[in-house]
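Structure record follows, encoded as C-alpha cells.
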Amino acid sequence: MEKKRCDHCHLEYEKSFLIEDRSMQVPYYFCCKGCQGIFHLLREEGLDTFYDKMGEVTLDPPKESFDDIARFDLEGFVSKYVKQNSEGLSEISLIIEGIHCSACVWLNEKVLSKKEGIVEVSINYSNHKAKIVWDNSLIKLSEIIATIRSIGYNAYPYDPSLQEERANAQRREYYSKLLVGIFATMNVMWIAIAQYSGYFTGMQSNIKSILNFAEFALATPTLFYTGSVYFKGAYYGIKNRYINMDVLVATGASLTYIFSVYAMFSKNTEVYFDSVTMIITFVFAGKYLEVLTKKKAVDTLDAFGSSMPSEVTIIKDEEKILTSVESVSIGEIVEVRAGDKVVIDGIILSGEGSFDLSSLTGESIPQLQSVGDKILSGSICLDSVIRYRSTHTFSSSTLSKIVSLLEDAMTKKPQIEKLANRISGYFSMTIFILAITTFAGWYMMSGSFEKALIVSISVIVVACPCALSLATPVATLVGLGLAAKRGIFFKEAGFLESMAKCTVLALDKTGTITKGSPEVVHFSSLKPFDSALVYALVSESTHPISKGVKAFLLGQEIRLQAKHLENVKSIEAKGIKATCEGHSIVGGNAQMMRQEGILFEIPLEYASLSQFFVAIDSEVVALFGLEDSPKLGAKESIQKLKNLGLDIVMLTGDHHSAAQAIACQVGINTVEAELLPAQKAAYIEGLQKEGKNVVMVGDGINDALALAKAEIAISMGSGADVAIDVSDIVLRSDTLESLYESFIIARKTLHSVKENLIFSLLYNFITIPLAMSGYVIPLIAALSMSLSSIVVVSNSMRITLLKFVSKKDA
C-alpha cells in the first residue's frame with residue numbers, strides 16, 4: 001500500500017489512514033486533527049516557513065489535552081516556580097520537551113512572542129531551558145503552557161532534581177559507550193600487533209583478510225555507537241552552518257573508516273580500522289571526563305537547592321499543622337526539630353540550640369542561637385526544638401535567593417569565555433581549510449591518495465578545538481563551586497574575571513571592618529532630660545550608633561515610658577529629628593548639630609569616639625561616646641589583602657578621629673572620613689577616572705550608591721537588603737577572611753583560564769605543523785588531542801586545592 005508523510009509532523013503512515021484536507025489549492029494530508037489544526041494555525045500566523053526550516057526532522061504529534069493545566073495557576077505552584085522581576089512582570093524557567101532542532105526553538109519562540117502579554121522568550125537549545133517573562137494581568141501561565149502544547153510540545157517547570165536525573169542518565173549513557181570503545185580498542189590493538197608483525201615477517205592473504213574483517217567488526221560499533229554523539233553534533237553543526245569540534249571528529253573518523261572499508265575489499269592497501277577505533281575512544285574518553293567534571297562542579301552548586309524540605313510544621317492555636325513551604329506567610333510560627341533544615345528566615349521565639357551554618361558561611365563549627373536571634377534558611381538545627389516567627393516568605397528567604405543567584409551565575413559567561421568561544425568557532429573552520437590544503441599538497445607531491453588522506457585526517461584530529469573550548473567554562477564552574485562552598489556567592493561568572501583584575505579595595509568601616517555594634521563607653525548628662533524621649537528618638541533609627549544608644553538606655557535602671565513622636569525625619573549620615581509634646585528633639589553627630597545651628601563642644605575624652613549629641617529645643621542636653629571594635633582577625637586579613645598588591649582605603653561617614661583610630665588598629669593607611677553616600681560614590685568615580693578598577697565592600701543602605709558605582713560590589717551577608725541587591729558578590733560570612741578568600745579564588749580562576757588558553761594555543765601551534773608535515777599518524781593525533789583536553793580539565797581542577805593560608809596560594 002502507498003505510504004505518505006503527515007504534512008505537519010512528517011511521520012509516515014499508510015495513505016488511507018491520513019486525513020485529506022482540500023481546503024487549500026493543493027491537498028494536504030495529516031495523521032490527526034491536532035496536526036491539521038497546527039498546520040492551519042501556522043499558515044494563518046505567517047509561520048509556515050517553519051516547515052522549510054525543519055527539513056527532514058520528524059515531530060511528535062500534538063499532545064492530548066492534559067487535565068492538569070489549571071495547576072499552573074495555583075498559588076502554591078506560582079509561589080514556588082514564578083518570580084517577580086523589578087518591573088513587576090512574572091518570570092519562569094521551563095524545560096520544553098520535544099525540541100529536536102533549531103527550527104523547533106524558532107517555532108516556539110515565534111508562536112509565544114505573538115501572544116499578547118508575553119514580553120520575552122528565550123530558549124536554550126542545548127538544554128531545552130526556556131526563560132519566559134510575561135504580564136500576568138494580560139495572560140496566565142496556564143495559557144502559555146497550553147499554547148506550547150497546542151503546537152506539539154510539552155513544558156514543565158525547571159527543577160534541579162530533574163536536571164540531576166537527566167545528568168545521571170547522560171553519565172550512564174556515556175559510560176556504556178565508553179565501555180564499548182575501550183573493549184573494542186583493547187581487542188583491536190592485539191589484532192593490530194599481529195598485522196604489524198605480519199607486515200614485516202609475511203602473512204598469508206586469507207589470514208590478513210580475516211584480521212581485517214575482525215578489525216572492521218570492532219571498529220563499526222565504536223564509530224556508530226560510541227561515536228554517535230559526534231555524528232549528532234556534526235549534523236546540527238552543519239545544518240546551522242557552523243563547523244564545530246564534532247564535525248572535525250566525525251569527518252576524520254568517517255573518512256578513515258570509509259577508506260579502510262575500500263582497502264579491505266580491494267586488498268590494494270593497508271586498512272586503518274585500528275585508528276578509527278582509537279580516534280573515537282580516546283576523544284570520547286576526554287569528553288566523558290568533561291561530563292564528569294561539569295557534573296561535579298554543577299553538583300556543588302546544586303547542593304544548595306537539593307534536599308530542600310517541601311513541607312514545614314507551623315503552629316496555630318497550639319496545634320501543629322504540616323504545610324507546604326510555599327504557603328507559609330510572614331508572621332507565622334514555625335517549628336524545627338533536631339536534624340531539620342531551616343527553609344524560611346525568621347526570629348527565634350522559644351528554645352535555644354546549636355545550628356550548622358556551614359552551607360551558608362563555610363564555617364564548620366556550630367553556632368548557639370537563642371530567643372531573639374535571627375535564624376537563616378539553609379542552616380540545620382542539631383540538638384533542640386525551636387519555634388520561630390517567619391520574617392520572610394519561602395521565595396524571599398536566604399537559601400532561595402542563593403539558589404537563584406547561583407543559577408543566574410551559571411548562565412552568564414565571562415568576557416574571556418566569549419572570546420575563547422569566538423576563537424574556537426573561527427579555529428574549526430581554519431583547521432578544516434588547512435586539512436583540505438594539506439590533502440591537496442600531499443596528493444600533488446606524492447601522488448598517493450592514501451598518504452594524502454591519512455595526513456589530512458591527522459591534521460583534523462590533532463587540532464580539534466576541545467581544549468580551547470574547555471579552557472574557560474570548566475575553570476569557571478570549578479571556581480564558582482569552590483566559592484559557594486566557602487560561603488562566597490558570585491552573581492555572574494563574569495565577576496570572577498572582573499574581580500581578579502581589580503587593584504583598589506574600598507572598605508566601609510561600620511559593619512565591614514568593625515563588628516557594627518558600637519557600645520557607649522562615655523556618657524555626659526549636660527542638662528536634665530527625659531530619657532524616655534531620647535529612647536523614643538533612637539528607636540526610630542536602624543543606624544548602629546542609634547542602636548548602641550538604645551541598648552545603653554535599656555541597660556539603665558530607669559523606667560522608660562512610651563512617647564509618641566511626630567514629624568520624624570532621618571537626615572542621611574547625620575542623625576534624626578522629631579517633635580514631641582511641643583518640644584523639638586534632635587539627635588546625631590557634630591555635622592547634624594552644625595546643620596541645625598546648635599552650639600556644642602566636644603570634650604577631649606570624646607575626640608576618638610563616635611559621638612551622638614542629643615539636643616532638646618536647640619540646647620545640647622546629653623552626649624554619648626561610642627566605640628566599635630574591629631572584627632576578629634581583621635588586621636591579619638587586611639595584611640593578607642595588602643600582600644596581594646591591593647591599595648586599601650577606608651570610606652566612612654564617621655568623623656576623622658574615630659575613623660583614624662580604627663584604621664590604625666587594622667593597618668589601613670588611607671582614610672576618607674565624614675563622607676555622605678553620594679561623596680563615597682564620587683570618590684570611587686575619581687579612582688576610576690585615574691584608570692583604577694575598584695572593589696567596594698559595604699553592608700548598609702548608605703553604601704548602596706558606592707556599591708553601584710564600583711566595578712565589583714561586595715556586600716556582607718548580614719547587610720541591608722538593598723546593599724545585597726546592588727552587589728555583585730555576597731559574602732555569607734561577615735569576616736574579612738572571606739573577602740580575602742574571594743580575591744584568591746577569583747585570581748586563581750583567571751590564572752587557570754589563562755594557563756588553559758596558553759596551553760591550548762601552544763599545543764595547536766606545535767602539533768598542527770607536525771601533522772601537516774606527515775610526522776603524526778591518526779592514532780597519535782587522537783591520543784594527543786585527548787590528552788590536551790585532560791590537561792586542561794586537570795589544571796582547572798587544581799583550583800580546588802587552594803588552602804587559603806598565604807599569598808603563594810594565589
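The values are calculated or read from the model by the stated rules, or taken from the named source; none is laboratory data. Keep in mind it's a predicted model, so treat the numbers as computed, not measured. Neighbour counts run over all protein chains shown; Cβ positions are idealised from the backbone, glycine included. In case anyone asks, the SASA skips ligands and DNA or RNA and just uses the protein heavy atoms, side chains included. Shrake-Rupley method; radii C 1.70, N 1.55, O 1.52, S 1.80 Å.
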Subject >> Mean-position separation - Cα centroids, region 501-573 and region 604-649, in angstrom >> reply: 14 Å
Subject >> Cβ-derived FRET efficiency at R0 25 Å, Thr503 paired with Gln660, nearest 0.05 >> reply: 0.55
Original post:
Could you give the nm distance between label points at Thr220 and Asn136, where each point is 7 Å from its Cα heading toward the beta carbon?
Top reply: 5.9 nm
Original post:
Between Ala146 and Arg22, what FRET efficiency follows from the Cβ-Cβ distance if R0 is 35 Å, with the result rounded to 0.05?
Top reply: 0.75
Original post:
Quick one: with all protein chains in place, what share of the accessible area of region 451-582 is carbon or sulfur, to the nearest percent (1.4 Å probe)?
Top reply: 47 percent
Original post:
For the charge dipole of region 659-706, defined by +1 on Lys and Arg C-beta atoms and -1 on Asp and Glu C-beta atoms about the Cα centroid, which residue among Val671, Gly691, Ala704 has the Cα displaced farthest towards the positive pole?
Top reply: Gly691
Subject >> Stretch gain in nm, segment His10-Ile258, where the contour uses 0.36 nm per residue and the Cα spacing is subtracted >> reply: 86.2 nm
Subject >> Inter-label distance, nm, simple model (7 Å from Cα along the C-beta direction), Gln170/Arg71 >> reply: 2.6 nm
Original post:
What FRET efficiency do you get for Ser327 and Asn85 if R0 is 22 Å and r is their Cβ-Cβ distance, rounded to the nearest 0.05?
Top reply: 0.45
